[in-house]
Every structure is written in structure tokens, then in C-alpha cells.
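Student: Got a structure for you, questions after.
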């Protein structure tokens, strides 16, 4: 089991919450799930294992009975999103980390039980969870043929 640094709002930006046990992680996920419900929002908890400067990261999206994940690490250096097979969300959905929004692609939302299981697996291994499927980061579509960096 690895210790996780958990961040989800500005008060934790410089001082992340440390989860040393699965109970610590569960307590934070419960707190942020309640916050998301109260705000009617989809919120992200960013989890970074204490494995040094090249540690992977897992964004845990929480939205009531559903959630989504984003992973970046050795197994997926360009990043990848959770995948539920048949599209659970047919369009992109926005999840919020602090005040930044992140688009999650179609089919990335999963039942909360699967999200929590995968978060626990990440804490146990420090690697990309294998209990869920993953999809690559979608290519950005240029608007009017203009690349995103020129828009």
C-alpha cells in the first residue's frame, strides 16, 4: 500500500491531505462526494502516490452515483480516461479540479462502486487500476480547421 497525496480544493494546493490507509481515502471520497452533491457539480480528487518525482497521478471524478477517472503514468504516458464500454455519458462531461474544468469523453463515466474499487486498487499498487477499462485521450478537433494552439 502506498501513501497518497490528495488534492481537491485550494486549501490543499500547498498542503495535500495524506491518505495512509484505505479508510483515509474513503473518508475524503465521502466528503468530496457530499460536496459535489451539495453543489450539483462533478468534482475531482487528484491522488498522487508518494513514489518520487515521476509518480503517476489518478484524477478521481465524483458525481453522485457515477464517476470517472483520468490516469497518467508509465502504463499510459499520454494519459487515459476510464471507459465504461457502452457510452454511459453520450457526450463530454465537465469535472472540476479546484476551479479548472476538465472535459471527460463519452463513455468515461462508471458506477461509483467501480470508481471506488479502482481508487482503492491505485492506493494498493501505485499503478493504473486494472479493475476498470481505459480509453486514450481523444484527439482535439480543430475549430474551423485552426489548431487549438492558434485559437
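Student: Just to be sure I follow: if Rg is taken over the C-alpha atoms of segment 96-139 and Rh is the Kirkwood radius over the same atoms, what is Rg/Rh?
Tutor: Taking Rh as the inverse mean 1/r over Cα pairs, Rg/Rh reads 1.00.
Student: Given 4 °C and 1.567 mPa s, how large is the Stokes-Einstein diffusion coefficient of segment 1-74 in µm²/s, with Rh as the Kirkwood radius over Cα pairs?
Tutor: Once the numbers are plugged in, D ends up at 103 µm²/s.
Student: Using alpha-carbon pairs under 8 Å, 6+ residues apart, how would you state the relative contact order of the chain in percent?
Tutor: Relative contact order here is 21 percent.
Student: Another one. Can you tell me the orientation of helix 112-125 relative to the chain, as the angle in degrees between its alpha-carbon axis and the longest Cα principal axis, to the nearest 10?
Tutor: Around 60 degrees separate the two axes.
Student: Any idea what % of Cα-Cα pairs in segment 64-110 are farther than 15 Å?
Tutor: Percent of Cα pairs beyond 15 Å in segment 64-110: 46.
Student: At a temperature of 25 °C and a viscosity of 0.890 mPa s, determine how fast segment 4-133 diffuses translationally according to Stokes-Einstein, using the Kirkwood radius over alpha-carbon pairs as Rh; express D in µm²/s, rounded to the nearest whole number. Intermediate values should be presented prior to the final figure.
Tutor: Values: Rh = 14.5 Å.
So the translational diffusion coefficient is about 170 µm²/s.
Student: With both partners inside the chain, how many of the DSSP beta bridges are antiparallel, as a percent to the nearest 5?
Tutor: Rounded to the nearest five, the antiparallel share is 95 percent.
Laboratory data are not the source of any read-out in this text; all were calculated from the coordinates shown. Just so you know, these numbers come straight off a predicted model, no measurement behind them.
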